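Here the structure comes first, spelled out in structure tokens, and everything after it is commentary.
The values are calculated or read from the model by the stated rules, or taken from the named source; none is laboratory data. Note that the structure is a prediction, hence the values are computed from the model and not measured. So basically every Cβ, Gly included, is an ideal-geometry build from the backbone, and we count neighbours across all protein chains shown.
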Amino acid sequence: MARETERQRSAIRSLIELTEPRTKAASLVPFAFGVAWAAWRYRAFSPGNTALFFASLLPVDLATTALNNAMDWRRAARSAGGRGEGPAGLSFRAAVAVTALLFCAGIAAGLSLAFRTDALVFVAGVAAVGVALAYSAGPLPISRTPFGELFSGVTMGAGIPFVATYVQFSGGSGAPVSLDLRWPLAALSVNLAETASILLACAPFAILIAGVMLANNIRDMEADRASGRLTLPLTVGRPAALRLFAALQASAFLVTLAAVALGCLPPFALAALLAAPQAARGTLRFLKSSPDAVPFGVSVGNLFLAGGLIALGTLLAAVSGASAFP
């Protein structure tokens, strides 16, 4: 009995290390913001579509992390002449099976969402899965190049809230972007002003998520160098990467101010400034850290606090009925 219990605990620990659920603030905070932004900006909210998007987003995010870790374990094991086992003896085959199940669950929910909405959601879903696979797999995964920060910031920081906003509309009617697909013709309509507004509103999240990825790559510089990666910190060097990290943390707050001033975020979103002192202290601690003790949690904390306060402020503006068009 005790042996079976320990085996179950070991399996749970392996799954947690494989999927890293603690890092999912990088997708859940932008998701929450996108839902709140649609409710504030357009007074639009679809509980069913929101639930389906969440049910698609979370498994795909977990699967992306699992695939990235599994591929890293396999490369490390091959270079060391091992069998490709991960933590607690989790085999590469088992890791791939978990990854495939997560992808299938996310894709199933995504297809259901596309049937409830329109073809644009299907296209966005295909693109998301494609980026997730390209990030970790293939001859030259994005995660092993200097472009990981850019892809993660854009796809997660802007793509997630954009889709979370879009799915609040039935069939895209009234959305800032619409796709009219009538075979063999397709017409894409874009409201440039509204699209620019949501992109500026999403910019703090894109910046902070890029910072999370940068912090992770700074922490893993030595391991990445040994495995043959060419991440951004290895390309520009540790001092330049640290300066970039500090610039990203500061610019996230500056962009938030600009978005509020231009009416792309409600004044309630200025609550994010409450996180500025702690973000500054954490950033200074990060800059002063040694290569052997990089406080990676600083970047996640900044995203969770600043991004969470922006999302909460936007939700409060929606609930209070604050005007989105002053």
Scanning segment 212-230 residue by residue, those assigned to a loop (DSSP other than H, G, I, E, B) and closer than 20 Å to G282 by Cβ turn out to be D220
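Scanning for something loosely packed, with under 13 Cβ neighbours inside 10 Å and more than 18 Å from the chain's Cα centre (by Cα), does segment 205-221 turn up at least one residue?
Taking segment 205-221 as the starting set, the residues that turn out to be loosely packed, with under 13 Cβ neighbours inside 10 Å are none.
Among the residues of segment 205-221, not one is loosely packed, with under 13 Cβ neighbours inside 10 Å and more than 18 Å from the chain's Cα centre (by Cα), which makes the answer no.
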Residue in segment 33-63 that is nearest to C104 (Cα to Cα), counting only those that are touching a helix residue (DSSP H, G or I) at 6+ places or on another chain (Cβ under 6 Å), surrounded by fewer than 22 Cβ atoms within 10 Å (Cβ to Cβ) and among the small types (G, A, S): A55
Given the conditions (1) surrounded by 15 or more Cβ atoms within 10 Å (Cβ to Cβ); (2) part of a helix (DSSP H, G or I); (3) touching a Pro at 6+ places or on another chain (Cβ under 9 Å), which single one is not true for R285? (1)
Which residue out of T50, T64, T99 is polar (S, T, N, Q), farther than 25 Å from G148 by Cα and at pLDDT 80 or above? T50
Every residue from segment 100-119 that is crowded, with 21+ Cβ neighbours inside 10 Å and touching a residue at least 60 places away in the same chain (Cβ under 8 Å): L102, L113, T117, D118
Consider L111 carefully, then state whether it is part of a helix (DSSP H, G or I) and over 27 Å from E149 (Cβ atoms). yes
Q168, sole failed condition from (1) part of a helix (DSSP H, G or I); (2) surrounded by 22 or more Cβ atoms within 10 Å (Cβ to Cβ): (1)
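Yes/no per residue for (1) under 24 Å from T117 (Cβ atoms); (2) without any contact (Cβ under 8 Å) to a residue 60 or more places away in the chain; (3) out of contact with any His (no Cβ under 8 Å at 6 or more places or on another chain):
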| site | (1), (2), (3) |
| --- | --- |
| T165 | yes, no, yes |
| V190 | yes, yes, yes |
| S197 | yes, no, yes |
| M221 | no, no, yes |
| A247 | no, yes, yes |
| S251 | no, yes, yes |
Matching residues in segment 171-188 - criterion: being part of a loop (DSSP other than H, G, I, E, B) and either without any contact (Cβ under 8 Å) to a residue 12 or more places away in the chain or at negative phi (or both): S173, A175, P176, W183, P184
Taking segment 231-253 and keeping only residues that are under 19 Å from the mean Cα position of the chain (by Cα), assigned to a helix (DSSP H, G or I) and closer than 10 Å to P146 by Cβ, one is left with L232
Go through segment 117-165 and give me each residue that's more than 20 Å from N191 (Cβ to Cβ) and outside any helix (DSSP H, G or I). A137, G138, P139, L140, P141, T145, P146, F147
For segment 141-161, does any single residue satisfy the condition of being of a type outside the set (D, E), without any contact (Cβ under 8 Å) to a residue 12 or more places away in the chain, in contact with a Gly (Cβ under 7 Å, 6 or more places away or on another chain) and surrounded by fewer than 23 Cβ atoms within 10 Å (Cβ to Cβ)? yes
When you check T256 against the structure, is it modelled with pLDDT under 95 and not in a loop (DSSP other than H, G, I, E, B), yes or no? no
